[in-house]
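Right, one structure below, let's go through it.
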Amino acid sequence: MPIDVTGLSAKELQTLIAKATARRKALAKRKPVAEVRRKLVSLAKAEGYSVDELFGTSRMVREKAGVPARKVPAKAAAPKGPKKGAKVEPKYRNPANPEQTWAGRGMPPKWLQAELAQGRKLEDFLINK
């Protein structure tokens, strides 16, 4: 994340340098992430919990911490159906203009909304095949 310092005054630059130095010192005092992760995993395990139960972390995080992956049953394959957004045959047709059709998905077209508002039923517009 580059910071454009060309427009900063000397006082603003000095403030930025002081903040950056303080942040660098704070980060240097921290223990390495892997060490903290191992401590958390071992503490959770000692109390009878898994990291997933406590934090909902992924398997990759557990493996990096040196905790073996637990056996999880494989998910069943998703049914092979039509793709999202696939075209479907129209179910309803405008009797006044047969070129206007609707598949029954999403918002009804304005012509159908107008007809339904006049008291007609959706079944009146079904396409009989």
Exercise. Order of Tyr92, Tyr49 from fewest to most other C-beta atoms within 10 Å?
Worked result: Tyr49, Tyr92
Exercise. Which residues' amide hydrogens lie under 5 Å from the amide hydrogen of Lys91, considering only partners 5 or more residues apart or on another chain, with H built in the peptide plane?
Worked result: Trp102, Ala103, Gly104
For this session: Output ³J(HN,Hα) for region 104-121: one whole-Hz value per residue in order, computed from phi by the Karplus curve 6.51 cos²θ - 1.76 cosθ + 1.60 with θ = phi - 60°, and x for Gly and Pro.
Result: x, 10, x, 5, x, x, 4, 4, 6, 4, 5, 5, 5, 5, 7, x, 6, 9
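Any read-out appearing in this document is the output of simple, stated calculations on the displayed coordinates, not a laboratory observation. Nothing here was measured: the structure is a model prediction, and the numbers come from that model. Here Cβ is always computed from backbone atoms with ideal geometry, including for glycine, and neighbour counts include all displayed protein chains.
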